[in-house]
Amino acid sequence: MLKITNLHVKVKKKTLLTNINLELKPKDLNIIIGPNGAGKSTLLKSLVKVIDIHKGNISLDEIEFTTASINSVSKYIAYMAQFNQNSNLTTLDVLEISRRKYSGFSLSKHDHKLIEDSINEFALQKFLNRDIDTLSGGERQKIFLAAAILQEPKILLLDEPISHLDPKNQIEMLELIRNKTKEKEFITITVLHDLQNALHYADKIIMLKNKEILYFENSLNITQKMISKLFDTTCKLFWQEGHPFLFLGHSHHNNTHNHSHKKETNDT
Ligand SMILES: Nc1ncnc2c1ncn2[C@@H]1O[C@H](COP(=O)(O)OP(=O)(O)OP(=O)(O)O)[C@@H](O)[C@H]1O
């Protein structure tokens with residue numbers, strides 16, 4: 001269990017997060033949603049100690065993160081940032097580095113097997129010897145996601161992991177994140193702007209607004225009222241065959257879409 005108690009984050013004199021309380025379980029995919037600037041990335045950064053905690057407590061079972069060094073915390077956490085820094089590494093280098101925290105420089109047979117499986121799962125064969133700086137945003141995102149999962153952490157933190165992927169790849173990656181979370185018993189926390197996918201794939205939704213948690217709920221308990229409140233806009237939400245359908249800013253007065261649809265049918 002990852003326990004975050006009364007967490008406050010300040011940078012200089014500016015408060016970035018206030019009074020965050022969460023208890024997160026292994027095998028759960030927790031998805032953070034909320035407006036720009038709400039503090040979503042800051043929450044992930046404070047867990048991985050990129051940003052200092054001003055007040056509060058973070059612990060993983062008996063392990064106290066609050067006082068631990070960044071190095072000892074990183075043994076338990078894999079973190080895929082929103083903007084990954086480029087380097088002169090090849091895809092294979094990035095994958096191999098992710099196993100070094102277990103095996104140092106000489107990787108074991110087991111490590112090589114895991115890397116091979118990951119290459120197949122993420123279809124990375126054709127990028128292996130390519131410098132990652134030369135790859136597209138979506139290709140790079142897949143590689144960093146593969147590398148984060150290869151670390152087999154207790155806690156998997158992903159900041160907008162699918163923002164550069166096409167729709168089919170987005171679905172495949174979210175399925176994969178969900179399946180790995182269950183199979184490897186990760187406590188996964190992902191920031192996502194796509195609400196429909198967030199509701200569909202999450203076990204739990206963390207709604208962050210104005211530096212605070214507005215709601216922390218099972219995704220099936222999320223209502224259109226909650227989403228309206230989170231984004232200060234009207235919202236229609238309904239479920240069909242286990243899929244959420246969500247419309248923000250829905251208005252019956254705005255018939256632009258109907259109009260263009262009519263035009264299309266008239267033309268044919
Ligand atoms: N190091 C920092 N110093 C000062 N302000 C910061 C710092 N890091 C973040 N902030 C501010 O804190 C607020 C929250 O930032 P954060 O990146 O957590 O937002 P977010 O919810 O992830 O937003 P987005 O959806 O736009 O990615 C923003 O107003 C941001 O400008």
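The values are calculated or read from the model by the stated rules, or taken from the named source; none is laboratory data. Keep in mind the model is a prediction, meaning the values are calculated, not measured. Please note: Cβ atoms are built from the backbone with ideal geometry, for glycine as well, and neighbour counts cover all protein chains shown. For the accessible areas, the whole protein counts, side chains as well, though only heavy atoms, and no ligand, DNA or RNA atoms are used. Shrake-Rupley method; radii C 1.70, N 1.55, O 1.52, S 1.80 Å.
For the range 1-110, what is Rg from Cα atoms divided by 2.2 N^0.38 Å, rounded to two decimals?
Values: Rg = 16.0 Å, N = 110, 2.2 N^0.38 = 13.1 Å.
For the range 1-110, the normalised Cα radius of gyration is 1.22.
Determine the order of 228, 46 by accessible area, beginning with the largest, at a probe radius of 1.4 Å.
Per-residue accessible area, sorted high to low, gives 228, 46.
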Orientation-averaged projected area, Cα convex hull of the chain (nm²): 17.8 nm²
Hey, if you put +1 on the Cβ of every Lys and Arg and -1 on every Asp and Glu Cβ in the chain, which of 190, 107, 213 ends up farthest toward the positive end of that dipole? 213
Helix 256-267 versus the longest principal axis of the chain: what is the Cα-based angle in degrees, 0 to 90, to the nearest 10? 70 degrees
In degrees rounded to 10, the 0-90 angle between helix 137-150 Cα long axis and the longest Cα principal axis of the chain is 50 degrees
Residue 156 - accessible surface, heavy atoms, 1.4 Å probe, Å² rounded to 10: 0 Å²
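Within the chain, which is the longest segment that contains none of the chymotrypsin sites (Phe, Trp or Tyr not before Pro) sitting in a DSSP loop with at most 15 other Cβ atoms within 10 Å? Kindly include the intermediate steps, with their values, before the conclusion.
On the way: sites that count: 83, 105.
Here the longest segment lacking exposed loop sites spans 106-268.
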Selection of GluC sites (Glu not before Pro), the range 52-97, meeting DSSP coil and at most 14 other Cβ within 10 Å: 62
Using a 1.4 Å probe and ignoring any ligands, DNA or RNA, find the accessible area of residue 52 and quote it in Å² to the nearest 10. 120 Å²
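Per the 1.4 Å probe, what fraction of the accessible area of the range 2-223, in percent, lies on carbon and sulfur atoms? Please report the intermediate quantities before stating the final value.
Working: 5130 of 10600 Å².
Of all accessible area on the range 2-223, carbon and sulfur atoms account for 48 percent.
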Low-density loop cleavage sites - trypsin sites (Lys or Arg not before Pro) in the range 122-219, where at most 16 other Cβ are within 10 Å (DSSP): 130, 184
Sparsely packed trypsin sites (Lys or Arg not before Pro) within the range 1-61, loop by DSSP, other Cβ within 10 Å at most 15: 12, 13, 27
What relative contact order, as a whole-number percentage, does the chain give when Cα pairs under 8 Å and 6 or more residues apart are counted? 24 percent
Amide proton proximity set for residue 16, modelled H, under 5 Å, gap of 5+: 9, 10, 11
Compute the angle between helix 167-183 and the longest alpha-carbon principal axis of the chain, please, reported from 0 to 90 degrees and rounded to the nearest 10. 50 degrees
Note down the nm distance, to one decimal, between modelled labels 7 Å out along Cα→Cβ at residue 248 and at residue 218. 2.6 nm
Site residue 239, offset 7 angstrom along Cα→Cβ, radius 19 Å on amide nitrogen, limited to the range 1-44, gives 28-33
What percent does the relative contact order of the range 129-221 come to when contacts are Cα pairs within less than 8 Å and at least six residues apart? 23 percent
